[in-house]
Amino acid sequence: MASTMHPVAPGEQAPNFALPAVAGSGLISLDDYRGRSPLFLSLMLGLWCPFCRRQLAQLGTFEDRLKGMGVESLAVVATAPENARLYFRFRPIRMPLAADPDLSTHRAYGLPKPEPTPAMMEAMETVRINPFGDLPEPLPIAQAGKVLHERDGYQYTPADQGDVERQWPQLKGLFMIDRTGVVRWAYVECATEGLAGIGKMPSEEEILQAARECSG
C-alpha cells in the first residue's frame, strides 16, 4: 500500500487494503465493497487505547442504520487478530472488524503520527479533555486515559504493551468511501482542535448525513 503525505481527502481515491478478519478467517479488502456498496471505514488503534475501545462501542450502535442506507461498515483495530478475537469474544460489537497491528492502513490513508516533542508531552499533562462527556470535569489527556482504564477495568497485556510501543501517538480517522472507491467524507482526529480533539468523534448525525450523501 502506498503511503500519502497528507490524509486522504474527499474526492481522492481510497487506498486499497487487505487485512485479516477478526471474526472467522480470511481477509477483508476494499475490493470486497467496490462496485457493491459504500463503506464507512474507521481506523482505530490497539485495544490499549481507552478512547478507541469506547469509540468502537459507539460506532457499533448505529451500524444497523448505516446498513439500512446501503452503507457497509468496517473498523480496523491495530492489534494482532488473535488479540482482537479474544477481546471481542467477551465484548462483542455489531460492526465487522479487521486487524492491522502495524498500522499499514493508517499510513496508506495518511493519518498523522505526531512527533512526541517536549512540547507535546507537556500538552499531554495540561490540555484537558472530556471526549465522551462522562467525566465529572475535563481532565489532562494522560489522566483522562487512566480514569477510563480504571472505569473499564481494563488490564494491560504484553500484547498491548507491544502495540503501544509501535503505535503511540498515532492519530485515528474515519472515511466514507463510495462504491467506486472514492473518499466522499473524512474525519481526522485532532485536525481542527489540536490535542484537545483526542478521543472525539463526529456526532452520529454527522456520520449518518455523510452516509446519505455517499449512498445517494
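What to note about this one:
- Between GLU193 and MET69, the contour length at 0.36 nm per residue exceeds the alpha carbon distance by 41.6 nm.
- Gain on full stretching of the segment that runs from ARG94 to SER25 - 0.36 nm per residue minus C-alpha separation: 23.1 nm
- Rolling a 1.4 Å probe over the protein heavy atoms gives the stretch 78-216 an accessible area of 50 Å² per residue.
- When both bridge partners sit in the chain, DSSP labels roughly 70% of those beta bridges antiparallel.
- Selection among GLY153, PRO114, LEU97 by position relative to the dipole of the stretch 66-216 gives LEU97 as farthest towards the positive end (Cβ unit charges, Cα centre).
- Surrounding net charge for PHE90, when Lys and Arg each add one and Asp and Glu each subtract one, Cβ distance under 13 Å: +3
- Cut-off under 5 Å, modelled amide H: who pairs with TRP185 long-range: MET176
- Whole-percent pair-distance distribution, where bins are 10 Å wide, for the alpha carbons of the stretch 144-216: 16, 33, 31, 18, 1
- Charged-residue dipole, Cβ positions (Lys, Arg, Asp, Glu), the stretch 109-177 about Cα centre, Debye nearest 20: 180 debye
- GNM flexibility winner over the chain from VAL183, VAL127, VAL77 (Cα, springs under 10 Å): VAL127
- Fluctuation leader among ARG54, ARG184, ARG65 - the chain, Gaussian network, Cα springs under 10 angstrom: ARG65
- Dividing the mean sequence gap of close Cα pairs (under 8 Å, 6+ apart) by how many residues the stretch 76-216 holds gives a relative contact order of 22 percent.
- Proximal aspartates and glutamates to LYS200, defined as alpha-carbon separation beneath 13 angstrom and excluding residues fewer than eight positions away on the same chain: ASP134, GLU189
- Cysteines without a disulfide-compatible neighbour (Cβ-Cβ under 4.7 Å), the chain: CYS190, CYS214
- Cα-based shape type of the stretch 1-60, given that a ≥ b ≥ c are square roots of the gyration tensor eigenvalues and the cut on a/c is 1.5: oblate
- Count Lys and Arg as plus one, Asp and Glu as minus one, and take only other residues whose Cβ is under 15 Å from that of ARG128; the net charge is then -3.
- Quotient of C-alpha Rg and 2.2 N^0.38 Å, computed over the chain: 0.98
- Fraction of accessible area attributable to carbon and sulfur, the stretch 100-216 (%, probe 1.4 Å): 52 percent
The values are calculated or read from the model by the stated rules, or taken from the named source; none is laboratory data. These numbers were taken from a predicted model, which means no experiment stands behind them. Every residue, glycine among them, receives a Cβ derived from its backbone with ideal geometry; neighbour counts consider all protein chains shown. Protein only, heavy atoms only, side chains kept; ligands, DNA and RNA dropped before computing areas. Shrake-Rupley method; radii C 1.70, N 1.55, O 1.52, S 1.80 Å.
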